[in-house]
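The values are calculated or read from the model by the stated rules, or taken from the named source; none is laboratory data. Everything numeric here is computed off the predicted structure, so don't read it as measured data. FYI the Cβ positions are ideal-geometry reconstructions off the backbone, even for glycines, and counts take in every protein chain you see.
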Amino acid sequence: MKQLFHPDRKDIQLASVLYALSDPVRLYVVSEIRKHGEQACNSFKVPIAKSTLTHHSRTLREAGVINTRAQGTQRILSLRTADLDERFPGLLDSVLQAYESSGQAEGFGEQGEMAEDQG
């Protein structure tokens, strides 16, 4: 199986993390992992194609926001909270708190369920 790139803690760059967290779908994924712990890639209820979700997970992984590991045929995503807190103390908490209090997080789960019902 192909080895996935994960930056070392010391190599995680602020600009890359902020870019990765600038997309609403990626913010939703990170928020869901924080709320529910590590999850399989296919467990997120988002109204986008599987290939697009794969692109978003790759962006998060290469920025150092998440860790991806293979378990059978699935990819399991988890947050790199300790690494991010050491490099940029409070950043992840601040961004996710602002995101979750904005109410944007609630729309994706509902849209994903509607898209599944219609498809």
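Please determine whether any residue of segment 35-45 is touching a residue at least 24 places away in the same chain (Cβ under 8 Å), assigned to a loop (DSSP other than H, G, I, E, B), in contact with an Asp or Glu (Cβ under 9 Å, 6 or more places away or on another chain) and not aromatic (F, W, Y).
Scanning segment 35-45 turns up at least one residue that is touching a residue at least 24 places away in the same chain (Cβ under 8 Å), assigned to a loop (DSSP other than H, G, I, E, B), in contact with an Asp or Glu (Cβ under 9 Å, 6 or more places away or on another chain) and not aromatic (F, W, Y).
Can you confirm whether L4 is among the aliphatic types (A, V, I, L, M), modelled with pLDDT under 95 and buried (at least 17 other Cβ atoms within 10 Å of the Cβ)?
In short, no.
Please find, among T81, T68, the residue that is surrounded by 13 or more Cβ atoms within 10 Å (Cβ to Cβ), in contact with a His (Cβ under 9 Å, 6 or more places away or on another chain), of a type outside the set (G, A, S) and at pLDDT 90 or above.
After applying the criteria, what remains is T68.
Just to be sure I understand, how many residues within segment 22-44 are under 13 Å from R61 (Cβ atoms), within 9 Å of the chain's Cα centre (by Cα) and among the hydrophobic types (A, V, I, L, M, F, W, C)?
Final tally of qualifying residues: 3.
Hey, any hits in segment 22-45 for a residue that's surrounded by 13 or more Cβ atoms within 10 Å (Cβ to Cβ), at pLDDT 95 or above and at positive phi?
Checked against the condition, which is being surrounded by 13 or more Cβ atoms within 10 Å (Cβ to Cβ), at pLDDT 95 or above and at positive phi, segment 22-45 yields no hits at all.
When you go through R61, R87 one by one, which is the residue that is touching a residue at least 60 places away in the same chain (Cβ under 8 Å), closer than 14 Å to P7 by Cα and basic (K, R)? If you could, list the steps in order and put the result at the bottom.
On the way: R61 fails: touching a residue at least 60 places away in the same chain (Cβ under 8 Å).
On inspection, the qualifying residue turns out to be R87.
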